[in-house]
Structure formats: structure tokens, C-alpha cells
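One structure below.
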Amino acid sequence: MLLETPFHPRTAPLCRSRRWRNWSGYASALTYEPGHEYEYYAVRSGAGLFDISPLRKYEIAGTDAAALVDRVVTRSAFDCPVGMVLYTPWCDEAGKMIDDGTVQRLGADTFRVTSADPCLRWLQDCALGMDAAVRDVTRELAALALQGPTSREILERVVTGADVAALPFFGLTGGSIGVAPVTVTRTGYTGDLGYEIWVRPENAVGVWDALAEVGRGYGLAPAGLDALDVARIEAGLLLKDVDYVSTWTALIESRKSSPYEAGLGWAVQPRPGRDFVGSRALAREAAAPSEWGFAGLEVEWPHIEKRFAAVGLPPLVAGRASREAVPIYAGGKQVGYVTSSTFSPILKKYIALATVRREFARPGHRVKFELTVEFVRHTVPARVVRTPFFDPVRKRR
Amino acid sequence: MKKYDAVLVGAGHNALATACVLARRGWKVLVLERRGVVGGAAATEEVFPGCRVNVAAQDAGLFRRDFVDEFGFGASAPGWVHPPAVATSLLGGGDGLTLWRDPAATQGEIARHSRADANRFPEWADYLDAMARILRVGLDHPAPALHDFTRRERLRLLRPLAQAARLGRRRVVELLRVLPLPARDLLDDWFAGDALKGMLATTALPGASHGPGAMGGAFRMLYHATGGQAHGFRSTSFLEGGIGALSEALAAAARARGAEIRTGTEVERILVEDGAATGVLLAGREEIPAHCVVSGADPRRTFFDLVGAPQLGPEFNRKVASIQMRGTTAILHLLLDDLPPLDDAEQRLAGHTLVAPSLDYLERASDAAKYGRCSPRPHLDIVIPTLHDPTLAPPGRHIASIQIRYAPYHLRPAPVRGPHAGPSPPGGDIAPGATPRAGDIFDEFLARTWDTLDEFLPGTRDRILDHRLITPLDLESEFGLTCGDEYHGQMGLDQLAFMRPVAGWARHRTPVERLFLCGAGTHPGGGVTCMPGRLAAREILRARRHPARS
Ligand SMILES: Cc1cc2nc3c(=O)[nH]c(=O)nc-3n(C[C@H](O)[C@H](O)[C@H](O)COP(=O)(O)OP(=O)(O)OC[C@H]3O[C@@H](n4cnc5c(N)ncnc54)[C@H](O)[C@@H]3O)c2cc1C
């Protein structure tokens, strides 16, 4: 049976669609209402409240905690001041991605790492010979993501003992909601203004209630994974085992991806003398780049409409995000594949994340996207564009 | 500063063999040994005043003599001793069973117990030698690099395969059949007599923490016969001047070719820069740069203590942490004013003298170790080197060195390190509930050893002038053997060949460039064989010729 998150007493009655999904062993709502559109728009125009408790969380403490984190992740942990959060991938010794997540620096010698999948043993193996204890705190910590333009105002009214308004993008602060001590981070998976709230499970329901109560006047809606999926594609954010395959789950070498191949080259931060797991392999790759790269695509909507109109149909593209791999062509040859795609309600465009041959990864390139209409395959033009597709100023301000 | 081509960590006999080969090639070689003498576990030192004692290893029967021939040790060539008795099993009540170098004499002895066994014994002795000869082909060639099975690797396998095939295809198949067997099963196939089986099974015990019922015992029996001339037991030979003479001879041969050897010099760290070894740092903070570093210390010590886990990848570290290192042998040195009272003692006690009266006796002794306890009735393997070279002790004195099994390093509950809690309570019992002290546990173990000696070799105790017990904890602290493991890692089927020291790194190379391993923790394994050292030298020379082909 699927586990229930600490918010289940609140999310279960709200989930009128009864559409649940297994997220790391927890029942997680795909949508609360029958469709996800309302929840999506809450994120973009009010605030969406997501239960993200199933994330794996690890606490790392000890005099070598910073050294350990620095050894595990591709970004330089020493450059992360106390009270800040890093988004970063981490790799195996061959420089292939294992997972990606955030690293919160709670103190000089205390960190909290979130990941999509379990990696306690990995962190502990990396810690051999170091003074750094790694603890799995997944079940000791519930988490909510409050995402959307009104999220700051809601939190300002709910959180005490912290200046939420002053919290910078990727900042971290302690505070309270009611009687519950919380950690608030200005992070999220929607590419919008947003926060994540970390709280002990026994205080979870109280925090939910406080947010829901105040949020009523700010367009707050509980939101599920379907809405999140559309928002994260608009934000150009990767999903493990969809947009890249973890080296731990890849059955064959060619399925694995390095951060460079996954568009996360910016997160690889080598420094002379810095030795992180995979650093040598990544240095080699930096010198002799892989033939694969990452691209954001905008598919020409009028062409999609035209293809459907030709057989007398309105454009029947799924209302939800698609995780189906779709071939990409150029010059009559396949040059890559789309890993995630969605119609973007706010941009009114069809957008996609893709793995393509490196020479096609630069913005401006024109490629063809395979489209099947009435069991017949066609191609429609698409353009490589910079990600995020949607990048509101409020996200960082 | 003088830059060495190779700095070797430790002057165990394997590192000395590596040093010989490298120095002969004109390499500038420096060997650094923590202890005051060379030889590591194969050393002879003054333990009692005026007495030279083989501190750990006794039997050099596994040593590859062709190495001596290859180097022509000249005046320093060690003198081998082959006493008439190979082994004597003490059966209590003054009874014994001796295997002699003379096959007819052996047959006569066995016939006193079982005529059928006596008839089969010559065939068994041939079988053991034949199987060991094939196994040796595998041991004396580099381990197959199955993890990177390129065309070149496949070609490198052709030679040993052809060599093995020449020894008889059917025998190769037979070898594959028996290798995983427990010693018990193999021996039950051959013999009926419990005394004989118990005695032969002792050759399966070194290198494992389990008894004769454990898988892989047959492999270890054959392994211990790969020195040739097993006489149905194990390859056995001793040295004038003790086993240390062999290590000294290796050291002399290395020095003669220009190698420097510094004893009393502990390496504190192996220096690594950008993933490559650059030299060593001594305990006295002196840095010695070198083109490559070769470690003769065990793999866990090398990687975790000398290199440091944070310098290595987590996947590799996991493997190193998982290497089974489990010392279960203690050694007890006795200074005697006469030989133990036994008819024909001078003859019968000149080989291995065993307390191993049956398979079940050994199995019970090993049971205790499974639960982290010392055997209440241990198995003893006694060697009296003064019968091989009387000059080791003053006239009228004898030395007996006893390997005692089982005394596990990993005691449960984990004891407090340190000698005694005070005067032992009567009977050496440990108060229930109290955290025991290691010293008390081993005092108790020593008491059980005396009992065993009284039972099987009565009268010996009256002749003891002095004794010294070396526990697995001492083997770690004094000899640098992690967890007191005498073979630098158990010799189970899961830690052999391409899986020794860890899967993927069987060729003496390491994830650190220009850092190599040459000790017993590498293929083909433990014992005083010199093979790991020789094979390592070959790989090191190859790596220099083809740095890219690593
Ligand atoms: C009690 C006992 C009895 C045995 N009996 C037999 C036997 O009868 N027959 C047999 O064939 N085998 C026997 N063995 C096994 C055999 O002795 C070993 O497997 C073999 O000697 C290992 O040789 P080596 O050169 O690989 O390593 P070692 O002999 O262990 O040498 C390693 C050397 O490295 C040194 N060292 C470690 N760390 C450092 C450092 N940081 N700096 C400098 N130096 C360092 C150590 O002091 C040591 O001298 C026995 C072992 C033991 C413990």
C-alpha cells in the first residue's frame, strides 16, 4: 500500500478527482479537481500549494560536511553561504548524472540535501574517511511548495520570526508558522515566484491549515503533479528518468547523460584542486565535448493546427504534459528526441525539452518535430530556443 | 632532492621481490619499512634473549624457488631444510599419526589406523600435486582482467590456458569441480579415517575464518600445495636461520642491484596530486617524491589509511570497505628447555605438529569464531624451528611456535582494548554483563590453549621457560595486518583472481595513477610465495612502457 504523507488528512478529502500517483512510495495527487488547468493557473496567477513531502531528504553534519557536499555535487558547495540553497546535479565516477536536487546550507557544518530517489548509501560511501554524518530525514521532515505570484504575500502574513519579503532567490531562513518551527527556502519547481516550507511531520497539518486559511484571499489552490509538470517544462527544469536517465537506472551506457549533455554544464564548477566525484571524467568531456546536447524547442503551432485541419480535426494534442519520446529531424535525418513536451497555456505555444546532437543545440536552429495525425506521421517545424520558456521577473525579484 | 623511480611501502617479502625485479631493470628503488626488520610477516627476530624466533610465518613451502634461481642469490642464498616428517597429528594419550617424506613410511603409519586409507594415500598424494600444478598455472600468471576483456586481454589468457591444457584437459575439468568444495567433502570422497581427514583438513584453514565445512576449502588445500612436493599434505619447507633468512636474502638481492632499504621508517601518507601518486610523506614529515609508489601494505590500509578514502571514488571505496579481513589466528611462542616428551620427538616433531584429531574437532573450534568467540578447544599447529636449525636458540633450548585457531579479531561483544581488568577472577571467567577486556579474553584463550597442550602433548608445560602470545590485535598493531588478517584479505572464492583485491582492479593497479599494490592482498594471494610481488613488478614495468594502455 502506498504511504501517506503527513498532509494526507488534508489532501485526501480535497482530492475530488481521486487521481493519485505513486511518488517514491507515497500517494501523491495528480490533480485535486478533475482537470489540472485551474491548479496550473493558480500557480501562474495566484498560488499553488503542493505537497512535496515524498522528496528524499538527507541531513549532513560534521566538520567535513561542506567538504563532503563539495565532493558529491558538481557545484562548489564552499561557494554556498550559510542561508543559501544550491540547485545541482551529482554524478558517478564516470561523470554521468545520478540525480539532481537542492542543497540547503543550514549552518557552517550542516546541510540538507534533497533528491528524487534514495541515495543514503551513496552519500555515506562518499563520506568514508570524513567527519560528516549523513542521516536520512525523509520521514522526519514534511514539505510544501507554495508557488505563484501571491506566495510571498501569503507567507508574509503567515510566517513569524523571519523576513520573508527580504528572502533572496535561493535564500533560506528559519521562522515559525503558528507554533511550528519551519524552514522556508525560496525555491521551487515551477519557475515562478515561490517558496518551499520544511516542517516536522507533527506540525504539518497546522501549517497546511494556516496557509490555506490565509491563502483564501490570495487565489491559493492545492495543486497536483499534473499542474506541476506543465509548469516545470515551461521553466525548463529537468525531471529525472524522463529528461535524463540516472546512471543507476540506465540499462545501457548510451542512456546515461552527463550534466553537459543535459544542459546543466553551467552547474559543473571545476576549480584547480577541486576533486568531486566525476570531476576527472567531466574535465575530459569539457575538453572533448560529447556529441549530444540539450535543447528547448518551440513547435510552430499553426503547422500543428494545419495538419489536424487537413483531416477535419481540431488540434488534438494532449492537454497535459507528455513524457513520450518524440523523434526530432533535420535534413531528413533524425538528430535527437523530445523527452518532455506540453502545450504552454500561458505562452500559447507548444514547447518541448529535447536531447539533440550538439550541433543542433544552439538557439536559432530549425528542426522538425514528428507529429502523428490520424495514424499518419508528419513533421512540423520547430525552433531551438533558450530555456526557461517562461521566466517572469518576479521569480528572482 | 633525489627522485626515485619507485618508492615501496613496507618491506614484506612481496615488496622485496618487487624491489629486486625493478632494481634489476635499473630503476632507482627505495623501500620503506615501518618495523626495525625486513620481511613483514615473514621475519625472524629475537623474541626471547638469545633466541631467534619466526615471529609469524613458519613454513616457506609455498615460496617459488625459481625466483631464487632467477636471481642467483649467491652467498646470501638461503639454505632450505626438509625434515623427514611432514606432519604429525596428535591424537591424545600419546598416540599420533605422522606423514613422512618417505611415502612408504607414511603408508605404514596410516595402515595402523586404516588399511584402505593407506592404500589410497599414494594416489591422493599424486592427485593433490597434479591438481595443484594446474592451479599454479592460474596463480603464476596475471589474473584475467574480465572487467575489461579486450582482445589483448584475451590474447594474454592464451598462454596460461594452453599451459593448463597441456597438463590434461580432464584434470582441468576436475580442478574446476573440486575448487569450491568444502575440505570435508573432498576428504570424505577419499578417506575413511577421522584422524587422517582432520589432519589433512588443517591445510584448508589458513586464509579463512571458517572450518572444514566451509566452501572453498578444497581450493585452499590445493593453494597450499602449489609450492610442489606436498606429500599428500601441503608444500612445506623451512630455512636455516629461520624464515627471516629468506626475507634477508631478498633484501640483500635487492640491495645488490642498487635498491635502498630503510627500516624503522613509517610512511604516513601516499601523496596524490590530480589523481596520480607523486611520492610519500614519512611519519617524520619528510617528503619523498617518486615517479611511482608501490604499496606492500594490505589494500585497506593502503587506500584508507595511506591514500585516504576522500581521494578515491565512492564506488571504489565501497569495494575496499567490503574486502573481508578477518584475522582468526593467534601465535604463541614458547621457549623450552627440552623437546616435548614424545617418542622419537626429534623426528616426529620436525614438521607441523597438529592438534586436529578429527574434522568435527576443527569444525567445533571454528564454530566459536562464527560468534566472535575464541575456541574453547582450539586447533594447534606447532612448528619447532630449532629442529631445523639448532643455532636459533642457545644449546639445550628449543623454540616452539604455535599457530592457534580460532581467536577472532572481531570479538563479540566488542571488548575494551587493553590488557587486563586486574587480576583475573578464578578460572579466568568474565563477569556476566561486564564489558570484557581484550586482555582478559586472550588470557582465557591462553588458558584453554594450555589445557589443549596438556591433553595432546602432556608434559610440554613443564618444559616451558617463557612464552609470548601474539593475538590478531597484535598482528594489526605490530605487523600492520589490518584486522589481523594473515593473508591481507580472506582467501575465499569471492576474493580471488580478478576479484583480488577488489573486482575490476586485479592487475596491481589502482584508481590512483602510478600507485600500485604488490602485497598478499593482490592476486594470487597470501602466504610466503613472492608471487604477488613478482606479478606486480611485471605490471609496473608494463605500465611504464605503455602508460596509455592502463
Ligand atoms: C601468524 C601468521 C602465520 C603465518 N604462517 C604462514 C606460513 O607458515 N606459511 C606461509 O606461507 N604464510 C604464512 N603466513 C602468511 C604470510 O606470512 C603472509 O601472507 C605474507 O608474509 C605476506 O607478505 P607481504 O609481503 O605481502 O606482506 P607483509 O609481510 O604483511 O608485509 C607488509 C609490510 O608492510 C609494512 N608496512 C605496513 N604499513 C606500513 C607503512 N605505513 N609504512 C611502512 N611500512 C609499512 C609492514 O610493517 C610489513 O612489514 C602467516 C601469517 C601470519 C600472520
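Overview of results
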| item | result |
| --- | --- |
| Size of electric dipole in the stretch A:1-138: Cβ of Lys, Arg +1 and of Asp, Glu -1, about Cα centre, debye, nearest 20 | 540 debye |
| Pairwise FRET efficiency - B:D189 versus B:R154, Cβ, R0 = 51 Å, nearest 0.05 | 0.90 |
| DSSP-loop GluC sites (Glu not before Pro) across the stretch B:190-279, with at most 15 other Cβ within 10 angstrom | B:E240, B:E266 |
| Mean separation of Cα contacts under 8 Å, 6 or more apart, over the residue count of the stretch A:57-137: relative contact order % | 41 percent |
| Listing of the stretch A:72-99 residues, each with accessible area lower by at least 40 Å² in the full protein assembly than in the chain alone (probe 1.4 Å) | A:E93 |
| Per-q log10 I(q)/I(0), chain B, q = 0.06, 0.08 Å⁻¹ (Debye; single scatterer per alpha-carbon; no solvent) | -0.28, -0.50 |
| Inter-probe distance in nm under a simple model that places probes 7 Å from Cα toward Cβ, at B:H147 and B:A77 | 4.1 nm |
| Descending Cα extents along the principal axes, the stretch A:21-94, whole Å | 49, 29, 26 |
| Relative contact order (%) - the stretch B:329-479, alpha-carbon pairs under 8 angstrom, separation at least six | 34 percent |
| Longest exposed-site-free window of chain A, the sites being GluC sites (Glu not before Pro) in a DSSP loop that have at most 15 other C-beta atoms within 10 Å | A:5-290 |
| Sparse-neighbourhood loop sites, trypsin sites (Lys or Arg not before Pro) in the stretch A:187-278 - DSSP loop, at most 15 other Cβ within 10 angstrom | A:R274 |
| The stretch B:145-195 - Rg (one decimal) and Dmax (whole number), Cα, Å | 16.3, 50 |
| The stretch A:279-342 versus the stretch B:208-275: alpha-carbon centroid distance in Å | 62 Å |
| Residue-span extension gain [A:L251 to A:S290] - 0.36 nm each, minus C-alpha spacing | 12.1 nm |
| Dipole-positive endmost among B:T452, B:Y371, B:H333 within the stretch B:329-479 (Cβ charges, Cα centre) | B:Y371 |
| Sites A:Y337 and B:R25 - FRET efficiency at Förster radius 56 Å, r taken between beta-carbons, to 0.05 | 0.55 |
| Surface/4 of the Cα convex hull for the stretch A:99-210, nm² | 7.6 nm² |
| Shielded residues, the stretch B:316-351 - accessible-area loss of 20 Å² or more between chain alone and all protein chains, probe 1.4 Å | B:N317, B:R318 |
| Point-charge dipole on Cβ atoms (K/R +1, D/E -1) for chain A, about Cα centre, debye to 20 | 960 debye |
| By accessible area with a 1.4 Å probe, ligands and nucleic acids excluded, highest first: order of B:T18, B:T435 | B:T435, B:T18 |
| Tensor-based shape of the stretch A:183-314 (alpha-carbon gyration tensor, a/c under 1.5 rounded, otherwise prolate or oblate) | oblate |
| Shape metrics for the stretch B:329-479, restricted to C-alpha atoms - Rg then Dmax, Å | 16.0, 49 |
| Flagged links, alpha-carbon separation over 22 Å, of B:K28/B:K319; A:K348/A:K368; A:K96/B:K319; A:K306/A:K349; A:K57/A:K395; A:K348/A:K395 | B:K28/B:K319; A:K57/A:K395 |
| DSSP beta bridge pairing in the protein assembly as shown, given as percent antiparallel to the nearest 5 | 85 percent |
| Exposure of B:H410 as accessible area (Å², to 10), given a probe of 1.4 Å and all protein chains | 90 Å² |
| Rg/Rg_ref, the stretch B:441-523, where Rg_ref = 2.2 N^0.38 Å and atoms are Cα | 1.61 |
| Farthest positive-ward along the stretch B:446-550 dipole, Cα basis, beta-carbon charges - from B:A506, B:V528, B:H467 | B:A506 |
| Sites B:R412 and B:A321 - FRET efficiency at Förster radius 22 Å, r taken between beta-carbons, to 0.05 | 0.65 |
| Equivalent ellipsoid semi-axes, the stretch B:320-367, via Cα gyration tensor eigenvalues times 5, rooted, Å | 31, 17, 9 |
| Accessible area buried at the B-A interface, both sides summed, 1.4 Å probe (Å², nearest 100) | 1100 Å² |
| Computed label-point distance, nm, for sites B:D95 and B:T263 using a 7 Å Cα→Cβ extension | 4.6 nm |
| Rule-of-thumb Rg ratio for the protein assembly as shown [Cα; 2.2 N^0.38 Å; N residues] | 1.18 |
| For the stretch A:57-137, alpha-carbon Rg over 2.2 N^0.38 Å | 0.95 |
| Extension reserve of the A:E324-A:S45 stretch, reckoned as 0.36 nm per residue once the Cα distance is removed | 97.6 nm |
| Mean separation of Cα contacts under 8 Å, 6 or more apart, over the residue count of the stretch A:240-397: relative contact order % | 23 percent |
| Antiparallel %, DSSP beta bridges [both residues in chain B], to 5 | 65 percent |
| Whether the stretch B:499-550 is rounded, prolate or oblate, judged on the alpha carbon gyration tensor where a/c under 1.5 counts as rounded | oblate |
| Furthest towards positive pole of dipole, A:S258, A:F170, A:T379, structure part chain A, Cβ charges | A:T379 |
| In the stretch B:54-154, the trypsin sites (Lys or Arg not before Pro) that fall in loop regions by DSSP, at most 13 other Cβ within 10 Å | B:R112 |
| The stretch A:38-192, accessible area per residue, ligands and nucleic acids excluded (1.4 Å, Å²) | 31 Å² |
| Unit charges on C-beta of K, R, D, E only; dipole of the protein assembly as shown, Debye | 3860 debye |
| Gyration tensor verdict on chain A (Cα atoms; rounded if a/c is under 1.5, prolate if a/b is larger than b/c, oblate otherwise) | oblate |
| Antiparallel DSSP beta bridges within chain A, as percent of all bridges there, nearest 5 | 95 percent |
| Isotropically averaged projected area of the stretch B:106-236, using the convex hull of Cα atoms (one quarter of hull area), nm² | 8.5 nm² |
| Residue-normalised accessible area of chain B, given per residue in Å² at a 1.4 Å probe | 38 Å² |
| Exposure rule at most 14 other beta-carbon atoms within 10 Å, DSSP loop chymotrypsin sites (Phe, Trp or Tyr not before Pro): chain A longest free segment | A:170-374 |
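The values are calculated or read from the model by the stated rules, or taken from the named source; none is laboratory data. Quick caveat: nothing in here was measured; it's all calculated off a predicted structure. Virtual Cβ from ideal backbone geometry, glycine too; neighbours counted across all protein chains shown. Just so you know, the surface numbers come from the protein's heavy atoms only, side chains and all, with ligands and any DNA or RNA stripped out. Shrake-Rupley method; radii C 1.70, N 1.55, O 1.52, S 1.80 Å.
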